[in-house]
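The values are calculated or read from the model by the stated rules, or taken from the named source; none is laboratory data. Keep in mind that what you see is a predicted model, and the values were worked out from it rather than measured. Here the Cβ positions follow ideal geometry from the backbone for every residue, glycine too, while neighbour counts run over all protein chains shown.
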Amino acid sequence: MAEAPSLDEQPPGSFEEFVHATGPRMYRTAVLLCGDHHLAEDLTQATYAKVFASWGRVRRADNPVAYTRTVLTRTWLSHRRLRRTTEQPVDDLPDLPAPHPDPGTRLDLVEALSRLRPEDRAVVVLRFYLDLSVNQTAQLLGISDVATRKRCSRALERLRSMLPDLDLEASS
Amino acid sequence: MNTQLSDLMHRDVQDLTPDLDALTQAARRRGLSIRRRRQALSTLGAVAAVAVIAVGSTQLRGSADSSRPAATAPTTPAPTTQASGTTRLSGEATAAGLRDLLGEVVQGRATSFAGQDSTVSYDSYGELRWFPADGSGFSDVGLNVQPGFESRIYHCQAWQVACTVTRSGGAKLMTFEEVTEVAGGKGIRVTADLLRADGVRVVASATNGAELPANKWHITRARPAFTAQELALVVGQSWWGPRIPAELQREGAALPGYTDLDSDRGDWLDGSPTAKPTP
């Protein structure tokens, strides 16, 4: 996979370079969080706007990528207010359509993620897409390690129901 | 198929790449706007502080010398604006419009104005805390305006209480309640969700207290201060849309203590890594 080189250990040069190096991964993270390309575009743009507004501080930060990732996640959680009653997280699995029996037309992962509670979805994306530890995820979301594990477990349980061919045991 | 979740996530989005030049330019523009807003706010804050100090010291002098009348605060003339026209709906205008409409339904006063808007989707959100004039507990009220809604199925679901769906002239209105069992009672959020024939969706909700993180509530009253029918009147106001009367924007700009929910200033950068998320 052609990911941009990590900027975790080196300070970024210009803002443009930083966006070009980190933008694709941030955008893909946004798509997984939003489940909507249009909204993901807006979220990514809003994130980098905030980064630009504080660029002097961000580029001096220990880890500008982590900062940007945090802004992205927090902006998304905040952004949800705009659509609060649009995306109703479904708590009861029986309300969900059953997974399609044909594996070739199985439920798309992004769609399945969008059916999780947003807070649970954030945990899954941070843990399994961005490869953050439980502790890093907890710190970013401002919750405890225990709550993070609980949300993760709940999310995986739901994903397992929607995507039965997924090896979630190995993932968790 | 026996796929790791992590691998599947990477595979599902690996081909997605934004237009990085366009992203950089748009982020710069919005970032500059945030900087300008900050500068304006800090200037306003400094002016206000000077005014308060000046008035305070003058009044102190006045009280020490009763023969001299106490000074009054200098008044600043309102900036001149175009008398008519429309402007793009913003979070602050949404909050101002919401305040005006709620005041026509239940007497009271509003505080804690906040909101956000999107330059991409043109969605807008405004919220406030409403204290009824009868002295009963406050309600938190929020309102979303979402233009460009092509379709949405309105049907009541099991978790919705007292749910109704009505259709009229191409518009659909759904009202319902969400009830959360919490320590000390029930957290109630009543909602009116209107999809107009022109594709503008307007959703308003009111609580019987403050909904806190981690599914906790601070309950202030038995029921929200507004009924579903009253919220239906609020969402039914014809001015809601991507463009609103300029007057509403001026009202929004004057809201005391308005919080832009997207104005993360990065202050937590220098603080604890577990600093409170925004918001």
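Descriptive notes on the structure:
- Considering only residues in region A:127-162 that are at the interface with chain B (Cβ under 8 Å from one of its Cβ atoms) and within 23 Å of B:Arg11 (Cβ to Cβ), the one that is surrounded by the fewest Cβ atoms within 10 Å (Cβ to Cβ) turns out to be A:Asp131.
- Residue in region B:147-157 that is surrounded by 12 or more Cβ atoms within 10 Å (Cβ to Cβ), outside any loop (DSSP other than H, G, I, E, B), of a type outside the set (Asp, Glu) and under 25 Å from the mean Cα position of the chain (by Cα) present: no
- Filter pass, A:Asp102 being modelled with pLDDT under 90, surrounded by 17 or more Cβ atoms within 10 Å (Cβ to Cβ) and among the acidic types (Asp, Glu): no
- Cβ-Cβ contacts under 8 Å between residues 6 or more apart (or on different chains), taken from a first residue in region B:23-36 that is more than 7 Å from chain A (Cβ to nearest Cβ) to a second residue that is part of a helix (DSSP H, G or I) and buried (at least 18 other Cβ atoms within 10 Å of the Cβ), are listed as B:Arg29/A:Ala49; B:Leu32/A:Phe52; B:Leu32/A:Ala53; B:Ser33/A:Ala49.
- Residue satisfying condition, being facing chain B (nearest Cβ under 8 Å), at pLDDT 90 or above and crowded, with 20+ Cβ neighbours inside 10 Å, within set A:Val124, A:Val71: A:Val124
- Test: B:Ala214 is modelled with pLDDT under 90 and either within 14 Å of chain A (Cβ to nearest Cβ) or under 16 Å from the mean Cα position of the chain (by Cα) (or both): yes
- Selection status of B:Trp239, touching a residue at least 60 places away in the same chain (Cβ under 8 Å) and not in a strand (DSSP E or B): yes
- All positions within region B:188-200 that are in contact with a Pro (Cβ under 8 Å, 6 or more places away or on another chain) and either farther than 13 Å from B:Glu178 by Cα or at pLDDT below 90 (or both): B:Gly199, B:Val200
- Selection within region A:46-66: residues that are within 7 Å of another protein chain (Cβ to nearest Cβ) and surrounded by fewer than 21 Cβ atoms within 10 Å (Cβ to Cβ). The member of this set that is farthest from the chain's Cα centre (by Cα) is A:Arg57.
- Note on region B:126-161: residues that are at pLDDT 90 or above and either of a type in the set (Gly, Ala, Ser) or farther than 27 Å from B:Ala95 by Cβ (or both) total 7.
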